[in-house]
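Heads up, the thing below is written out as structure tokens.
Please treat every number below as a calculation from the coordinates, not as lab data. Remember, predicted model here, so these are calculated numbers, not experimental data. Quick reminder, even Gly has a Cβ in these numbers, built from the backbone with ideal geometry, and neighbours come from all protein chains shown.
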Ligand SMILES: Cc1cc2nc3c(=O)[nH]c(=O)nc-3n(C[C@H](O)[C@H](O)[C@H](O)COP(=O)(O)OP(=O)(O)OC[C@H]3O[C@@H](n4cnc5c(N)ncnc54)[C@H](O)[C@@H]3O)c2cc1C
């Protein structure tokens with residue numbers, strides 16, 4: 001009889017639970033929140049008010065884990081947008097040509113994603129969810145985690161025993177402190193903060209513009225030592241658009257009108273301002289500031305047996321890269337493969353599993369830190385890749401605007417189809433010329 005307890009029933013938690021249900025006899029999810037009955041945001045998930053797109057690598061992993069999820073999302077109103085064929089993307093160097101690169105994104109509200117994924121992950125009755133139940137700490141010692149301390153609806157602490165405890169409590173995970181309480185050495189942590197701030201509003205699309213609206217992404221232009229102003233507009237379910245404006249200290253997007261509209265008009269292209277002026281706002285403007293890249297290197301400490309961490313608790317990248325949910329899905333898929341290889345949940349194997357999960361998140365972390373490290377060199381952790389030199393980056397981006405082969409390489413890396421990040425070493429003028437030369441239609 002093996003029992004697994006998953007702490008946190010968000011994106012990573014329910015996927016981990018679905019995987020563990022195939023390899024353990026009993027699986028319990030401990031979730032501090034109460035799930036809403038429909039596709040609506042909840043307190044424990046403040047980011048759900050903001051745009052959440054699933055990139056190709058994550059969408060494929062999700063479909064492999066829970067077959068039928070993507071068709072269900074599309075049937076419920078999610079949109080698939082090809083990159084760059086169904087998108088208008090203004091990079092720092094100009095507009096991308098509209099090519100079929102095979103990369104795409106899935107766009108809908110985070111609330112719909114969660115409702116559909118939770119429904120499918122927890123179907124079959126093999127997973128029990130304890131809602132309004134908070135994890136307070138771990139039990140055991142530095143060699144072996146034996147369970148978790150919880151509080152149900154603010155009640156007194158209780159201990160629950162488990163062969164495996166999986167931390168999926170997200171970006172604000174307390175697991176390093178909980179482990180320290182058992183005598184485990186410090187979990188090294190790195191934070192690289194570009195200072196980017198979000199402001200998001202949802203709109204009803206004007207008649208005639210709901211169907212077929214491309215995904216719109218306005219990247220910041222030339223840098224001034226901080227990330228510049230940008231915007232995205234994604235079509236979501238029920239003929240709505242989710243519009244996010246981004247900026248940084250001194251140039252943060254206002255969370256009130258008329259500042260929000262004025263900020264959009266001041267961008268490098270007025271397209272988002274023009275479209276939103278014709279649309280109907282639904283609800284207020286939501287700000288969000290906790291966008292730092294944060295990594296907890298659990299695999300670098302002598303972890304006790306019987307403990308694992310997954311999702312944002314391990315690597316939470318700046319949301320502007322749209323990778324977090326995909327890292328969680330790719331991590332859950334890897335967990336499934338590793339557990340199959342090891343013949344089920346074996347507490348002694350968990351440090352090895354943690355290294356596998358770190359490996360899955362690594363390309364995304366490197367990509368995000370290489371980008372944001374430019375704005376926060378003081379944060380750049382030792383051993384992380386240096387930022388791509390501006391000239392090389394600009395050369396690559398400019399060539400990719402018109403080269404389908406380069407755009408394919410770029411978007412396959414950005415949407416986590418290929419695990420390798422585009423590193424500074426890969427971007428040389430010769431490599432770019434040679435890749436562009438492979439275009440069937442240069
Ligand atoms: C503004 C913003 C925009 C984003 N946009 C994108 C995007 O476009 N694409 C993308 O892929 N990713 C995006 N992300 C990242 C994405 O939100 C996360 O990567 C994803 O939610 C990670 O899932 P998780 O399960 O690890 O954490 P969460 O989804 O945050 O879930 C954590 C869960 O743990 C519960 N919990 C926390 N503490 C406790 C406790 N002590 N006891 C019990 N339960 C607890 C919470 O209630 C919650 O349900 C964005 C993030 C932000 C902030």
Semi-axes of the equivalent ellipsoid for segment 220-286, please: Cα gyration tensor eigenvalues, times 5, square-rooted, ordered largest first, whole Å. 22, 12, 11
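Full extension from residue 131 to residue 42: what is 0.36 nm times the residue separation minus their Cα-Cα distance, to one decimal in nm? Spell out each step's value before the answer.
Details: separation 89, 0.36 × 89 = 32.04 nm, distance 1.25 nm.
Full-extension gain reported as 30.8 nm.
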In terms of the alpha carbon gyration tensor, root eigenvalues a ≥ b ≥ c, rounded if a/c is under 1.5 and otherwise prolate when a/b exceeds b/c or oblate, segment 156-242 is oblate
Taking the 0 to 90 degree range and rounding to the nearest ten, how far is the long axis of helix 404-414 tilted relative to the main principal axis of the chain, both from C-alpha atoms? 30
On a 0 to 90 degree scale, rounded to 10, what angle separates helix 110-121 from the longest Cα axis of the chain? 40
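Where the eigenvalues come from the Cα gyration tensor of segment 24-140, what are the semi-axes √(5λ) of the equivalent ellipsoid, largest first, in whole Å? Walk me through the numbers before you get to the answer.
Numbers: eigenvalues 218, 56, 39 Å².
Each semi-axis is √(5λ); the values are 33, 17, 14 Å.
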Give me log10 I(q)/I(0) at q = 0.06, 0.13 Å⁻¹ for the chain, Debye formula, one equal scatterer per alpha-carbon, no solvent. -0.25, -1.19
Tell me, how many Å apart are the Cα centres for segment 78-109 and for segment 234-291? 19
Mean Cβ count within 10 Å, highest first, over the residues of peptides 29-40, 399-410: 399-410, 29-40
Which angle between 0 and 90 degrees, to the nearest 10, do you get for helix 324-342 versus the longest principal axis of the chain when only C-alpha atoms count? 40
Which shape class applies to segment 242-318: rounded if a/c is under 1.5, otherwise prolate when a/b exceeds b/c and oblate if not, where a ≥ b ≥ c are the square roots of the Cα gyration tensor eigenvalues? prolate
